[in-house]
1. Remind me, relative contact order of the range 94-291 in percent, using alpha carbon pairs under 8 angstrom and six or more residues apart?
2. For the range 152-167, in order, what is each residue's ³J(HN,Hα) by Karplus, 6.51 cos²θ - 1.76 cosθ + 1.60 with θ = phi - 60°, in whole Hz (x at glycine and Pro)?
3. Under 15 Å from the Cβ of LYS290, count the other residues' Cβ atoms, weight Lys and Arg +1, Asp and Glu -1, and hand me the total.
4. Report the calculated FRET efficiency for ALA120 and LYS280 (r = Cβ-Cβ distance, R0 = 25 Å), to the nearest 0.05.
5. How high is the FRET efficiency between GLU131 and ASP197 when r is their beta carbon distance and R₀ equals 35 Å, given to the nearest 0.05?
6. With a point put 7 Å past each Cα toward its Cβ, work out how far ARG266 is from ASN293 in nm, to one decimal.
7. Given LYS202/LYS291; LYS113/LYS202; LYS209/LYS291; LYS247/LYS290; LYS112/LYS185; LYS202/LYS269, which pairs have Cα atoms separated by over 18 Å?
8. I need the P(r) histogram for the range 94-291: all alpha carbon pairs, bin width 10 Å from 0 out to the longest distance, whole percents.
Amino acid sequence: MSGKAERYFSGAPRDPSRPLPGEVSPGRRQLFVNLVAAVILVGVGLVIGIMLSPDSPKTLEARVRQLTAAVEARDLKINELQRAAKLQPVATPTLGGKLKPDDRKRHEAMAKKYADTLRAVKAQSAAELVEWFVGRWDELLDNPLQDDRVGRRAALLAQLVTGMSHDLHPDDFVPWQAEFLFNHKWLGELHFDQDGDGLPRKRAGMNPKDGFATTSVCQIAMAMNQATLDAEVLVTPEMECDKPENKMSVFLQGDTLDDALNEFIRACKRERFVVVEKNKQGVRLILVGKKINP
């Protein structure tokens, strides 16, 4: 028998799942660990939430205003660059030209009034287009060349119409054409004869017998608008005036301007353009639309 003392315990063996006096049970220990972990996660969540929480309504409104202003400024700049690329100068101003000072002042005053009206309804781009157009129109009248009515001036009017088709709501585009081209008699050589060549005049008057070779249908229409006082040749908003497929050749024959309009309509229909016509209070209204696919 060894000298090592042995100690014996009596009674049933101890259940290891039950803690000794003063000892924390494994279940409680795990519960404590879970609670601590939960508290830590909640704290971290609060910190992250504070870091990522949305700003106050006033701060958000200020940011929205800043972003909106930035987007509007960007869009305006894009429009200016696009227009600068598309709208090429059509003339160079000359000193001592043929446009009378009173006529120039009237044009400038009316252009400003017209542009101010457009700006009042938030049509900034359209307002700038009108001002650009009137300035170029004055340059052409101040430095005229032969056949400007069917050439440079008609092309300039077609540029105006093309630009406005992008700037205005489609429902407003055709009424705008009628209003700008005919209802306000303030722009020389469009609304009345300023240079003494007898145009524009009534449809019953003599036909100048204009001819066009591979020319935009919009430009031909704008040439007719400068020739007649009691007719309106308008285009629909989807008419893309600068597209090659919208060009045609025509000789506007006949004795009167009414005959010339008839020939214009026949030519448009031959080229498969949609044409709608009616007569309103003695004014012949002609609306030209996009081609119908064959």
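What follows draws every value from the coordinates through simple rules; no lab data is involved. The shown structure was predicted, so the numbers you read here are calculated from the model rather than taken from an experiment. Every residue, glycine as well, gets a Cβ built from its backbone with ideal geometry; the counts of neighbours run over all protein chains shown.
1. Numbers: 294 pairs, mean separation 35.2, N = 198.
Here the relative contact order equals 18 percent.
2. With coefficients 6.51, -1.76 and 1.60, one gets 5, 5, 5, 5, 5, 4, 5, 5, 4, 5, 4, x, 5, 5, 8, 8 Hz.
3. Working: positive: LYS243, LYS247, LYS269, ARG272, LYS291; negative: GLU238, GLU240, ASP242, GLU245, GLU271.
Residues near LYS290 contribute 0 overall.
4. Working: r = 28 Å, r/R0 = 1.14.
That gives a FRET efficiency of 0.30.
5. Working: r = 27 Å, r/R0 = 0.77.
After rounding to 0.05, the efficiency reads 0.85.
6. 3.0
7. Numbers: LYS202/LYS291 29 Å; LYS113/LYS202 29 Å; LYS209/LYS291 25 Å; LYS247/LYS290 11 Å; LYS112/LYS185 15 Å; LYS202/LYS269 24 Å.
As for pairs spanning more than 18 Å Cα to Cα, those are LYS202/LYS291; LYS113/LYS202; LYS209/LYS291; LYS202/LYS269.
8. P(r) over the range 94-291, rounded to whole percents: 9, 37, 37, 16, 1.
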